[in-house]
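To start, the structure itself, in structure tokens.
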Amino acid sequence: MSEKPQNDAVARAMVRLRAVDKHYGELHVLRDISLDIAEREVVVVVGPSGSGKSTLCRTINRLETIDSGEILLDGEPLPVEGAALARLRSEVGMVFQSFNLFAHLSILENVTLAPINVLKMSKADARREGLELLARVGIADKADRFPAQLSGGQQQRAAIARALAMHPKVMLFDEPTSALDPEMVGEVLEVMTSLAAEGMTMVVVTHEMGFARRAADRVVFMDAGQIVEESTPSDFFDNPRSERAKAFLASILAH
Amino acid sequence: MEMITENAGLLLDAIGTTLLMVVVAGVGSLILGVLVTVARVSPIPILRRAAFLYVQFFINVPLLALLLLAVFALPDAGLILPLLPTAIIVLTVYESAYVAEAVRSGVNTVAVGQIEASRALGLTLWQTLRLVVIPQSLRAVVQPIGNVMIALAMNTALAAVVGVVELTSRVNKINLVYAQPIEIFTGAGIVYMLIALAIGLAAGRIERKVAILR
């Protein structure tokens with residue numbers, strides 16, 4: 001991954017968060033978050049449960065609203081609602097912890113629904129492209145099955161294909177392997193790693209430290225709603241600077 | 001028995017009228033009921049409110065009162081329609097409130113994640129309702145809607161009171177001539193049972209076919 005542009009001033013910021021704050025009632029879930037994610041960059045967000053990392057991920061396509069601050073996607077501020085917000089969301093792929101495949105549609109229909117209805121692609125084109133994507137994530141033979149007939153790992157790969165079908169500028173992964181049985185984590189991470197290698201801009205919230213080390217350009221460590229540390233994977237894992245990062249790493253690596 | 005053979009034409013005609021009411025009001029109430037549900041779960045406050053009032057009104061007023069109102073009061077107000085269409089319209093709006101209640105309970109079974117996934121893909125709110133929420137809701141409430149349709153079939157008999165010559169009205173008239181109430185009304189009862197059975201079986205079939213695997 002050495003050919004990838006690093007997060008320098010030259011690389012264009014695909015996602016830009018400026019002084020973002022959010023409360024859930026009394027709870028201050030995001031505190032003054034500022035973060036730039038460059039085009040083609042892979043940022044892995046780690047941190048203890050409740051640190052706000054999932055919320056951060058979900059603010060980028062406004063599944064969570066923010067109280068103050070600013071979020072720019074490819075230079076444009078996030079629209080508040082309506083058609084403009086829908087259009088923006090169509091450019092941001094999202095992969096959920098619980099897959100959220102449409103339960104009443106076949107796997108192929110899951111992948112083609114948005115291209116047909118949002119991009120107004122013809123059914124034949126959407127189908128052809130959908131089958132290509134399913135082949136790419138290794139489940140072409142499941143095209144006509146329904147989500148519940150697939151294993152968790154297969155469902156998550158289908159969900160990745162569904163997001164890719166929109167040709168997103170950025171992919172958000174909100175704990176994509178946390179709901180999977182251990183033996184299925186690898187197949188999903190493999191797809192994500194190849195996406196990263198192809199230059200997809202990615203924000204990945206995960207507990208998979210192996211993936212962070214292997215595929216991330218940058219690791220962002222969050223705790224209590226704040227970004228505590230940002231560094232390259234090797235710096236973060238080998239020389240964490242903050243006490244909180246040290247404690248976090250000690251707690252997860254001890255086992 | 002000659003009571004039935006001598007009146008076969010009239011009876012078949014009457015059964016035809018009953019079935020026509022069931023089918024037209026059934027389809028109409030399904031469409032209207034889904035639209036009312038969409039209004040009820042929409043983010044537009046005035047639509048939600050109007051849909052709520054619509055459902056409450058038709059669930060809390062007896063069908064017979066509505067039929068009498070439509071047949072005798074509306075012409076007084078200058079709105080004159082033939083009897084059968086009037087009865088079908090009243091049945092449609094009345095049953096649509098029950099369909100709306102059933103579909104709404106289906107909406108509550110749709111997981112939030114399904115809606116988030118749809119919105120995250122860039123589908124608008126209306127597309128999300130049309131392509132994800134309503135199809136999943138309907139699949140969850142096939143049996144309850146079947147029960148509403150059976151109730152609708154039974155309720156068509158009330159149209160007899162306002163002068164529509166459907167099955168109940170026809171057998172009542174025949175009985176006035178032949179005075180064999182047990183045979184004629186039992187026969188009519190069997191026809192209603194067959195209609196209900198057909199709807200119930202159809203609902204079961206549809207449910208097995210469209211049920212969502214979870």
*Would you confirm whether any residue within segment B:38-56 is closer than 24 Å to A:Arg58 by Cα, within 13 Å of chain A (Cβ to nearest Cβ) and of a type in the set (Ser, Thr, Tyr)?*
no
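Among the residues of segment A:126-151, which ones are farther than 19 Å from A:Gly93 by Cβ and either more than 10 Å from every other protein chain (Cβ to nearest Cβ) or of a type in the set (A, V, I, L, M, F, W, C) (or both)? It would help to see each step written out before you state the result.
The initial filter retains those residues of segment A:126-151 that are farther than 19 Å from A:Gly93 by Cβ, namely A:127-128, A:140-146, A:148-151.
If the condition is that a residue be farther than 19 Å from A:Gly93 by Cβ and either more than 10 Å from every other protein chain (Cβ to nearest Cβ) or of a type in the set (A, V, I, L, M, F, W, C) (or both), then A:Arg127, A:Arg128, A:Ala140, A:Asp141, A:Lys142, A:Ala143, A:Asp144, A:Phe146, A:Ala148, A:Leu150, A:Ser151 are the ones that fit.
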*Just one of (1) more than 19 Å from B:Ser29 (Cα to Cα); (2) touching a residue at least 12 places away in the same chain (Cβ under 8 Å) trips up B:Ile134, so point out which.*
(1)
_The lone exception for A:Leu27 - which of (1) surrounded by fewer than 23 Cβ atoms within 10 Å (Cβ to Cβ); (2) over 29 Å from B:Arg139 (Cα atoms); (3) within 13 Å of another protein chain (Cβ to nearest Cβ) it fails_ = (3)
_Criterion first (more than 15 Å from the chain's Cα centre (by Cα), more than 14 Å from chain A (Cβ to nearest Cβ) and in contact (Cβ under 8 Å) with a residue 24 or more places away in the chain) does B:Leu68 satisfy it?_
yes
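For the condition modelled with pLDDT of 95 or more, more than 14 Å from chain A (Cβ to nearest Cβ), closer than 21 Å to B:Ile88 by Cα and out of contact with any helix residue (DSSP H, G or I) (no Cβ under 7 Å at 6 or more places or on another chain), what is the one hit in B:Ala102, B:Ala198?
Numbers: B:Ala102 fails: out of contact with any helix residue (DSSP H, G or I) (no Cβ under 7 Å at 6 or more places or on another chain).
Residue meeting the stated conditions: B:Ala198.
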*Consider A:Gln155 against the criteria (1) under 28 Å from A:Arg87 (Cα atoms); (2) in a helix (DSSP H, G or I); (3) polar (S, T, N, Q); (4) out of contact with any Phe, Trp or Tyr (no Cβ under 6 Å at 6 or more places or on another chain): it satisfies all of them except one. Which criterion is unmet?*
(4)
*Quick check, is A:Ala38 within 14 Å of chain B (Cβ to nearest Cβ) and surrounded by 19 or more Cβ atoms within 10 Å (Cβ to Cβ)?*
no
*For B:Ala151, indicate whether it is of a type outside the set (D, E, K, R), more than 14 Å from every other protein chain (Cβ to nearest Cβ) and either without any contact (Cβ under 8 Å) to a residue 24 or more places away in the chain or in contact with a Leu (Cβ under 9 Å, 6 or more places away or on another chain) (or both).*
no
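So that you can scan it fast, the table gives a plain yes or no per residue for (1) at pLDDT 95 or above; (2) within 14 Å of another protein chain (Cβ to nearest Cβ); (3) more than 30 Å from A:Phe102 (Cα to Cα):
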{"residue": "B:Trp126", "(1), (2), (3)": "no, yes, no"}
{"residue": "B:Ala140", "(1), (2), (3)": "no, yes, no"}
{"residue": "B:Gly146", "(1), (2), (3)": "yes, no, no"}
{"residue": "B:Ala157", "(1), (2), (3)": "yes, no, yes"}
{"residue": "B:Gln180", "(1), (2), (3)": "no, no, yes"}
{"residue": "B:Ile190", "(1), (2), (3)": "yes, no, yes"}
{"residue": "B:Met193", "(1), (2), (3)": "yes, no, yes"}
*Which of the residues spanning segment A:196-255 are touching a Phe, Trp or Tyr at 6+ places or on another chain (Cβ under 9 Å) and surrounded by fewer than 20 Cβ atoms within 10 Å (Cβ to Cβ)?*
A:Met209, A:Arg213, A:Val228, A:Glu230, A:Ser231, A:Ser242, A:Arg244, A:Leu249, A:Leu253
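The values are calculated or read from the model by the stated rules, or taken from the named source; none is laboratory data. Given the structure is predicted, the values throughout are model-derived calculations rather than measurements. Here Cβ is always computed from backbone atoms with ideal geometry, including for glycine, and neighbour counts include all displayed protein chains.
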